[in-house]
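Okay, structure first, notes after.
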């Protein structure tokens with residue numbers, strides 16, 4: 001899993017669970033993709049997008065892990081045919097961090113249909129095949145190792161029988177393509193940090209954050225069997241991540257790599273990993289090909305083997321999933337909305 005059903009709140013309503021976040025070069029701008037409502041929650045789980053929730057792409061252009069621009073997507077209840085009205089708003093500057101701010105309405109439309117302003121801004125939301133793939137035995141083995149501070153008990157899979165944990169399953173995707181000129185970047189480096197957030201309206205009139213997702217696999221690796229840590233990861237802000245989680249992450253990594261006996265200074269390696277993954281944001285340089293790998297993070301395409309990259313980094317081992325993008329039900333398309341819509 002990437003962040004599928006990663007906390008008690010996410011498991012309570014999968015419509016609010018961000019299973020994956022992607023950032024890559026689109027046809028004419030930067031594509032932002034958020035997947036929610038995974039069918040891995042089971043047949044009885046509510047489907048679609050929550051009509052009392054906000055789905056937000058938060059973008060930091062100054063490097064301080066504080067949002068400078070937010071693209072907020074909201075939905076109306078489904079009609080008799082299952083379609084939902086959708087709106088896209090933009091919040092800039094002080095508004096970006098203000099839950100009470102309404103922002104500026106940019107686009108409106110209906111799920112399953114693309115909307116555009118004619119100047120490069122585009123929006124699509126609907127049901128799609130899950131582009132993420134995962135070896136079920138290996139992800140559990142890594143999670144158990146980080147839970148107990150032990151070596152990774154790599155499963156002896158029969159490659160002819162191995163099947164992705166998310167084969168034949170669908171998600172609901174939100175895709176926003178943003179013109180380069182609308183991204184909060186300096187002319188010098190064109191670097192941004194991106195993360196996704198879902199929040200639910202409260203009876204008191206405010207908003208309660210349910211899920212936060214930046215880098216893939218952070219929660220399944222560090223908190224797969226620790227609901228307290230998973231919830232803390234969702235409720236903190238990226239700007240607080242280093243102070244809040246650095247030592248905890250370093251200790252978890254050190255225990256696993258120490259048990260594997262593959263580094264001379266496990267704690268130092270743990271600190272190196274914590275520095276790589278915190279703050280939990282997805283870095284990207286506008287206009288460049290996305291590539292998420294062991295050597296570095298630059299956005300994330302829909303076909304990057306993110307699980308393998310994160311396993312290899314956090315365990316300092318070449319842990320192969322035994323699966324490739326061919327494990328996906330359907331490959332992404334080169335044209336908007338990029339996700340394999342169904």
Qualifying residue in the stretch 83-91 (condition: outside any strand (DSSP E or B), at pLDDT 95 or above and in contact with a helix residue (DSSP H, G or I) (Cβ under 6 Å, 6 or more places away or on another chain)): no
Flag if residue 5 is under 30 Å from residue 135 (Cα atoms), free of Cβ contacts under 8 Å to residues at least 40 places away in the same chain and touching a strand residue (DSSP E or B) at 6+ places or on another chain (Cβ under 9 Å): yes
Test: residue in the stretch 137-157 that is modelled with pLDDT under 95 and either more than 22 Å from residue 314 (Cα to Cα) or within 19 Å of the chain's Cα centre (by Cα) (or both): no
Residue 264 vs. criteria on the phi < 0 side of the Ramachandran plot and modelled with pLDDT under 95: yes
Listing of helices (runs of 4 or more DSSP H) fully contained in the stretch 184-294 that carry 2 or more residues being more than 15 Å from the chain's Cα centre (by Cα), over 19 Å from residue 146 (Cα atoms) and touching a residue at least 60 places away in the same chain (Cβ under 8 Å): none
The stretch 278-294 - residue that is closer than 18 Å to residue 215 by Cβ and touching a helix residue (DSSP H, G or I) at 6+ places or on another chain (Cβ under 6 Å) and, of those, surrounded by the most Cβ atoms within 10 Å (Cβ to Cβ): 281
Residue match in the stretch 93-102 (condition: buried (at least 20 other Cβ atoms within 10 Å of the Cβ), over 21 Å from residue 227 (Cα atoms) and modelled with pLDDT of 95 or more): yes
Filter result for residue 26 (surrounded by 15 or more Cβ atoms within 10 Å (Cβ to Cβ), out of contact with any helix residue (DSSP H, G or I) (no Cβ under 8 Å at 6 or more places or on another chain) and in contact (Cβ under 8 Å) with a residue 24 or more places away in the chain): yes
Number of positions in the stretch 314-337 that are at pLDDT 95 or above and in contact with a strand residue (DSSP E or B) (Cβ under 6 Å, 6 or more places away or on another chain): 2
Residues of the stretch 164-183 that turn out to be outside any strand (DSSP E or B) and in contact (Cβ under 8 Å) with a residue 24 or more places away in the chain, as a count: 9
One residue from 65, 10 being in contact with a helix residue (DSSP H, G or I) (Cβ under 8 Å, 6 or more places away or on another chain), touching a residue at least 60 places away in the same chain (Cβ under 8 Å) and either in a helix (DSSP H, G or I) or within 25 Å of residue 305 (Cβ to Cβ) (or both): 10
Tally of residues being surrounded by fewer than 20 Cβ atoms within 10 Å (Cβ to Cβ), within 18 Å of the chain's Cα centre (by Cα) and part of a helix (DSSP H, G or I) across the stretch 295-328: 1
Any hit, the stretch 45-61, residues being farther than 30 Å from residue 189 by Cβ and in a helix (DSSP H, G or I): no
Unmet criterion (only one of (1) touching a residue at least 12 places away in the same chain (Cβ under 8 Å); (2) in a loop (DSSP other than H, G, I, E, B); (3) closer than 30 Å to residue 312 by Cβ) for residue 161: (1)
Selection status of residue 173, more than 20 Å from residue 228 (Cα to Cα) and touching a helix residue (DSSP H, G or I) at 6+ places or on another chain (Cβ under 7 Å): no
Residue in the stretch 251-259 that is surrounded by 21 or more Cβ atoms within 10 Å (Cβ to Cβ) and under 26 Å from residue 184 (Cβ atoms) present: no
Whichever residue in the stretch 29-43 is free of Cβ contacts under 8 Å to residues at least 40 places away in the same chain and surrounded by fewer than 20 Cβ atoms within 10 Å (Cβ to Cβ) and, among such residues, is nearest to the chain's Cα centre (by Cα): 42
Residue check for residue 20: modelled with pLDDT of 95 or more, crowded, with 21+ Cβ neighbours inside 10 Å and within 18 Å of the chain's Cα centre (by Cα): yes
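The values are calculated or read from the model by the stated rules, or taken from the named source; none is laboratory data. In this text the structure is predicted, and so the values were computed from the model without any measurement. In this analysis, Cβ positions are derived from the backbone assuming ideal geometry, glycine residues included, and neighbour counts consider all displayed protein chains.
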